[in-house]
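As structure tokens, the structure follows; a few thoughts come after it.
The values are calculated or read from the model by the stated rules, or taken from the named source; none is laboratory data. Computed from a prediction, not measured in an experiment: that's the story for all the values here. Glycine also receives a Cβ, built like all others from the backbone with ideal geometry; neighbour counts cover every protein chain displayed.
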């Protein structure tokens with residue numbers, strides 16, 4: 001069972017499955033999300049929430065230093081315990097969490113690219129590595145991250161928008 005209550009010590013997702021269903025239905029989500037079981041959706045939302053927590057420094061400060069997630073926060077100027085922007089970003093990332101390889105898609109990383117050839121002499125300084133061209137799907141991935149960054153921009157400290 002997905003724990004979405006920020007007062008619960010086991011809090012693990014910023015968005016319920018029902019909220020994600022609604023957010024994604026408004027966006028004409030593809031069949032992948034609609035065909036997932038509730039358990040699969042819960043896993044995806046956990047991954048998305050964890051990614052957001054690990055990639056961004058949010059405005060304000062945690063309401064309780066012992067809370068498991070970055071939200072809820074104090075001194076944000078927001079009235080919502082969990083802002084709708086945070087829920088929307090969680091749902092959008094959650095829909096494609098596994099296919100996006102969230103932790104492998106750090107800006108500038110080649111860890112998710114296939115090596116085409118590798119040649120070289122002694123040590124890594126003399127290696128010549130070439131990668132296969134990125135596919136159109138990689139552009140979709142980059143656009144997804146840009147979209148999420150734009151959604152949560154008001155919730156994060158400006159210096160962290162360069163990460164993740």
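Count of the range 50-64 residues, restricted to those that are in contact with a helix residue (DSSP H, G or I) (Cβ under 9 Å, 6 or more places away or on another chain) and part of a helix (DSSP H, G or I), is 5.
When each of 47, 24 is tested for being assigned to a helix (DSSP H, G or I), touching a residue at least 60 places away in the same chain (Cβ under 8 Å), touching a helix residue (DSSP H, G or I) at 6+ places or on another chain (Cβ under 9 Å) and closer than 17 Å to residue 99 by Cα, the lone residue that passes is 24. Screening the range 81-103 for residues that are touching a helix residue (DSSP H, G or I) at 6+ places or on another chain (Cβ under 7 Å) and in a loop (DSSP other than H, G, I, E, B) and picking the one that is modelled with the highest pLDDT gives 83. All conditions in (1) assigned to a loop (DSSP other than H, G, I, E, B); (2) within 11 Å of residue 13 (Cβ to Cβ) hold for residue 42, with the sole exception of (1). If you go through the range 1-20 and keep only what is part of a helix (DSSP H, G or I) and either more than 24 Å from residue 81 (Cβ to Cβ) or more than 17 Å from the chain's Cα centre (by Cα) (or both), you end up with just 18.
State the number of residues belonging to the range 65-80 that are more than 16 Å from the chain's Cα centre (by Cα) and either surrounded by 13 or more Cβ atoms within 10 Å (Cβ to Cβ) or not in a loop (DSSP other than H, G, I, E, B) (or both).
Total meeting the criteria: 7.
Against the test of being assigned to a loop (DSSP other than H, G, I, E, B) and at pLDDT below 95, the options 148, 140, 106 yield a single qualifying residue, 106. Taking every residue in the range 145-164 that is surrounded by fewer than 13 Cβ atoms within 10 Å (Cβ to Cβ) and pairing it with any residue that is part of a helix (DSSP H, G or I) and modelled with pLDDT of 90 or more, at least 6 positions away or on another chain, the pairs with Cβ-Cβ distances below 8 Å are 154/85.
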